[in-house]
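To start, the structure itself, in structure tokens.
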Amino acid sequence: MATPYAYFKKQIVPLAEAKIGVMTHAFNYGTAVFEGIRGNWNEEEGQVYVFRMKEHFDRLRKSCRIMQMEFDYSDEELFSTVTRLVEMSGFREDVYIRPLVYKSSEVLGVRLHNLEDDLLIFVAPFGPYLDIEKGARCCTSSWRRVEDTGIPARAKITGIYANSALAKTEAQLSGFDEAIMLDERGHISEGSGENIFIIQGGKLITPPPSSNILVGITRDTVMTLAQEEFAMETVERDIDRTELYTSDECFMTGTAAHVTPVVELDRRPIGNGRMGPVTGRLVDLYFQIITGRNPKYAHWCTPCYSKVKASP
Ligand code: PMP
């Protein structure tokens with residue numbers, strides 16, 4: 001049986017013991033930044049591979065700079081804490097690793113300065129998020145993506161997720177799987193927790209960071225693989241909503257969603273309404289890589305178990 005552990009107040013403790021007080025600043029005002037990292041289970045090797053841990057912690061540091069947070073952990077300290085947490089927890093399935101830097105002072109008053117910051121990391125089992133085989137049926141959200149002039153989307157701030165939650169719930173309660181948000185200019189921004197790509201005339205196209213996206217690590221993975229493996233360049237440019245309706249293929253990327261085809265938007269089928277051929281090739285390659293089965297990209301995968309036990 002797996003028992004989850006957490007890194008909390010500079011110690012590793014059972015997750016059940018990692019508790020914050022009700023006055024914690026981050027809980028009251030959304031003043032925390034976080035990451036979502038996947039550890040992917042490889043059954044044959046009895047191993048969990050953490051995907052692109054360095055890039056996730058690099059992004060966490062950038063989020064901290066935007067939110068004026070102290071974060072003085074080295075990569076080595078962070079990587080060994082994560083692998084230890086997974087190993088101690090003993091999961092033999094896909095996991096989600098959640099590092100969170102939060103304003104931990106228990107005081108009232110909205111601000112970023114003169115507050116303590118703390119790091120929390122926990123690990124939880126986490127299976128599929130969207131149905132990749134069936135693909136996602138999406139709607140254009142009536143909620144617009146937050147602007148850099150309001151709350152910067154390039155930082156993964158907990159408070160921003162009120163924007164994502166409004167969009168996701170509207171979509172699901174209306175019978176869709178996922179929401180696609182526009183920015184204030186009316187261009188495609190992103191899903192509630194995913195970046196968006198279209199394929200049009202053999203070209204891969206995705207909105208630029210200036211469309212108020214979180215600059216995704218899965219987005220970068222797909223752009224790298226498309227270039228390296230399929231000689232396909234990605235064009236970063238503004239995308240109109242109706243370009244999605246008429247695209248050959250469309251998919252979303254994210255640590256939770258992996259690479260998920262968007263098969264329908266606003267009740268219009270995209271392409272033939274099923275996963276397209278390029279998306280299919282990307283999905284297959286992506287899963288091979290994240291589970292540590294492709295030596296060329298082994299540098300993106302960090303194994304957690306020091307003593308690998310083969311499955312019975
Ligand atoms: N946009 C948003 C709003 C997200 O929450 C996520 C998930 N972290 C993404 C995009 C995709 O980013 P990544 O591929 O780094 O998980």
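Some values worked out for this structure:
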{"read-out": "Verdict on ARG154 being open to solvent by 50 Å² or more (accessible area, probe 1.4 Å) and within 11 Å of the ligand (Cβ to nearest atom)", "value": "yes"}
{"read-out": "Single condition ARG137 does not satisfy, out of (1) assigned to a helix (DSSP H, G or I); (2) touching a strand residue (DSSP E or B) at 6+ places or on another chain (Cβ under 6 Å); (3) over 30 Å from GLN11 (Cα atoms)", "value": "(1)"}
{"read-out": "Which numbered condition ASP240 misses (of (1) open to solvent by 40 Å² or more (accessible area, probe 1.4 Å); (2) more than 20 Å from GLN47 (Cβ to Cβ); (3) within 20 Å of the chain's Cα centre (by Cα))", "value": "(3)"}
{"read-out": "Residue under evaluation VAL13, criteria (1) crowded, with 16+ Cβ neighbours inside 10 Å; (2) away from the ligand (no atom under 16 Å from the Cβ); (3) of a type in the set (Val, Ile, Thr), criterion not met", "value": "(1)"}
{"read-out": "Enumerated strands (runs of 3 or more DSSP E) restricted to segment 1-87, each holding at least 2 residues that are farther than 30 Å from THR149 by Cβ and free of Cβ contacts under 8 Å to residues at least 60 places away in the same chain", "value": "11-14"}
{"read-out": "Residue satisfying condition, being within 12 Å of the ligand (Cβ to nearest atom) and open to solvent by less than 60 Å² (accessible area, probe 1.4 Å), within set PHE34, PHE79, PHE71", "value": "PHE34"}
{"read-out": "Answer residue from segment 131-177, given it is polar (S, T, N, Q) and over 16 Å from the mean Cα position of the chain (by Cα) and is farthest from THR242 (Cα to Cα) among those", "value": "THR149"}
{"read-out": "Residue among TYR102, TYR96, TYR129 that is within 14 Å of the ligand (Cβ to nearest atom), assigned to a strand (DSSP E or B) and touching a residue at least 12 places away in the same chain (Cβ under 8 Å)", "value": "TYR96"}
{"read-out": "Meets criteria (open to solvent by 30 Å² or more (accessible area, probe 1.4 Å), within 20 Å of ASP131 (Cβ to Cβ) and more than 15 Å from the ligand (Cβ to nearest atom)) for PRO295", "value": "no"}
{"read-out": "Hey, ILE180 within 14 Å of the ligand (Cβ to nearest atom), buried (at least 21 other Cβ atoms within 10 Å of the Cβ) and within 15 Å of the chain's Cα centre (by Cα) or not", "value": "no"}
{"read-out": "Segment 201-227 residues that are open to solvent by 50 Å² or more (accessible area, probe 1.4 Å), paired with ones that are at pLDDT 95 or above and among the charged types (D, E, K, R) (beta carbon under 8 Å, 6 or more apart)", "value": "GLY201/ASP248; LYS203/GLU233; SER210/ASP148; VAL215/ARG59; VAL215/ARG154; ASP220/GLU55; GLN227/GLU233"}
{"read-out": "Residue identified as in the same structural domain as GLU190 (by TED's automatic domain parsing) and buried (at least 16 other Cβ atoms within 10 Å of the Cβ) among ARG144, ARG52, ARG59", "value": "ARG144"}
{"read-out": "Residue satisfying all of: in segment 82-94; touching a Phe, Trp or Tyr at 6+ places or on another chain (Cβ under 6 Å) and open to solvent by less than 60 Å² (accessible area, probe 1.4 Å); nearest to THR24 (Cα to Cα) among these", "value": "LEU85"}
{"read-out": "Selection count, segment 190-202, where residues are in a loop (DSSP other than H, G, I, E, B) and more than 11 Å from the ligand (Cβ to nearest atom)", "value": "2"}
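The values are calculated or read from the model by the stated rules, or taken from the named source; none is laboratory data. Remember, predicted model here, so these are calculated numbers, not experimental data. A quick note on method: Cβ atoms are made from the backbone with ideal geometry, for glycine too, and the neighbour counts reach across all protein chains shown. Areas reflect the complete protein model, heavy atoms only, side chains present, ligands, DNA and RNA absent. Shrake-Rupley method; radii C 1.70, N 1.55, O 1.52, S 1.80 Å.
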